[in-house]
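Just below is one structure, and these are the notes that go with it.
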Amino acid sequence: MDTKQDQKAWICGGAAHCESPPKTNGLPNRLVLLGAPGVGKGTQAELLCTNLGTCHLSTGDVFRAAKGLDSAERTPALTAALDYMRRGDLVPDETVLAVVAERVGCLRCEGGFLLDGFPRTVAQAEALAELLAKEKLKLDAVLSYELPLEQVVSRLSGRRTCSKCKAVFHVKALPPKMAGVCDHCGGKLYQREDDQPESIRVRMEAYERSTTPLTDFYRRRNLLLSIPADGSPEQIFKRTLDALKVAS
Ligand code: AMP
C-alpha cells in the first residue's frame, strides 16, 4: 500500500478524503464528531482518520473547497450552499443533505466515515439516519468533545493570527518568538474580532442552543460518547480511543 495509485484509491473526491488505508483494528469507525469552536475537534478528526483509516467528510470543508471551483464544475446544491455561506448563514437542511447525498460513496467507505460539521440540526440527524438505513449502514457512535466555557474563552482569546501568512499562534500555548510578530514571515499578528472574549461567549451560547437538541437526540439512542477536551491533543485522543474501545 505504498504507491501513489494505492493512495489514490482512498480519495472519495469533492473534498471528502480518506488519506490512510482502512485499518482493521476492530474499533467503531462510523462516527459523527461534535464540538464547539476551540475544543480541538479538527485535530482529533485528523488523528482519528490517520489511526482508523476512516473517510473524513466535513461539510464546511466541502463548501470552502467549492469556492475555488468554476461555476460549471459546481453542482446546483453547492452553488446554492455558497450563497448562504457568503451571507454568514447556516446552509438550509435540504441543501446540506443534497451535498451529503452526492458523497454517499464516503459513507460506504470500507474504513468507515467521520462526519464533521454534519449533522448540525435534529432534522439533519434524522435524514442521516434515513440515508444510512437505506444504505444498510449503522452509525457506531457520536463523539462529543466538551470543555467548560471559561477554558474555551481562554483558548480562543489567546489565539493570534498572522495578517500575512495566516499562521496561528497562542499567547500561552504556542507563543511566537517575538510578541506580536509571526515566526514564519515576520507579519504582524492580530486578534480576530470573533476571538474577543465577549464574541466568544455569544458564539458559544449560540452553539449550545443549537447543539443541545442534537446531543439529546443521540443520547436517547445510546450513541453519545462525551469526551472531556482538556489537556493535550494526545491525552484527548487517548480518551477518545478508550471511549471507542468501551463502545465496541
Ligand atoms: P464549519 O467549517 O463546519 O464551521 O462550516 C462553515 C460554514 O459552512 C457554516 O458556517 C455554514 O454556513 C456551512 N455549513 C457547514 N456544515 C453545515 C451544516 N451541517 N448545516 C448548515 N450549514 C453548514
Using amide H atoms built in the peptide plane, which far-off residues or other-chain residues are under 5 Å from Glu146 H to H?
Ile227, Ala229
So, over other residues within a Cβ distance under 14 Å of Thr95, counting Lys, Arg +1 and Asp, Glu -1, the net charge is 0
When all Cα-Cα pair distances of the chain are considered, the percent exceeding 27 Å is 41
In terms of modelled amide H atoms, which long-range or inter-chain residues lie less than 5 Å from the amide H of Phe113?
Arg30, Leu31, Cys55
Nearest 5 percent is fine: what portion of the DSSP beta bridges confined to the chain is antiparallel?
35
Amide H of His170 versus every other amide H placed in the peptide plane: which residues, excluding those fewer than 5 positions away on the same chain, fall under 5 Å?
Arg160
So what is the relative contact order of the chain, in percent, for Cα pairs below 8 Å that sit 6 or more residues apart?
23
Output ³J(HN,Hα) for region 28-35: one whole-Hz value per residue in order, computed from phi by the Karplus curve 6.51 cos²θ - 1.76 cosθ + 1.60 with θ = phi - 60°, and x for Gly and Pro.
x, 9, 10, 10, 10, 10, 10, x
If each K or R counts +1 and each D or E counts -1, the residues other than Thr212 whose Cβ falls under 14 Å of its Cβ total 0
Residue by residue through region 147-157, what is 3J(HN,Hα) from phi via Karplus (6.51 cos²θ - 1.76 cosθ + 1.60, θ = phi - 60°)? Round to whole Hz and write x for glycine and proline.
9, x, 3, 4, 6, 5, 4, 5, 5, 6, 6
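When DSSP beta bridges are limited to those with both residues in region 126-234, what percentage is antiparallel, rounded to the nearest 5? Could you put the intermediate results ahead of the total?
Values: 8 of 13 bridges.
Bridges in region 126-234 are about 60 percent antiparallel.
Got the relative contact order for region 149-195 handy, in percent, Cα pairs under 8 Å and 6 or more residues apart?
Reported as a whole number, the value is 38 percent.
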As a check on your grasp of the helix formula, calculate [θ] at 222 nm for the chain: sum -39500 (n - 2.57) over DSSP H runs of n ≥ 4, divide by the residue count, round to the nearest 500.
-13500 deg cm²/dmol
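At 0.36 nm per residue, minus the direct Cα-Cα distance, what do Ala247 and Val171 gain on full extension? Give it in nm, one decimal, please. Walk me through the intermediate numbers first.
Working: separation 76, 0.36 × 76 = 27.36 nm, distance 3.74 nm.
Gain on stretching Ala247 to Val171: 23.6 nm.
Every number in this text was worked out from the coordinates using simple rules, so none of it is lab data. Just so you know, these numbers come straight off a predicted model, no measurement behind them. As a convention, Cβ positions derive from the backbone with ideal geometry for all residues, glycine included, and neighbour counts pool all protein chains shown.
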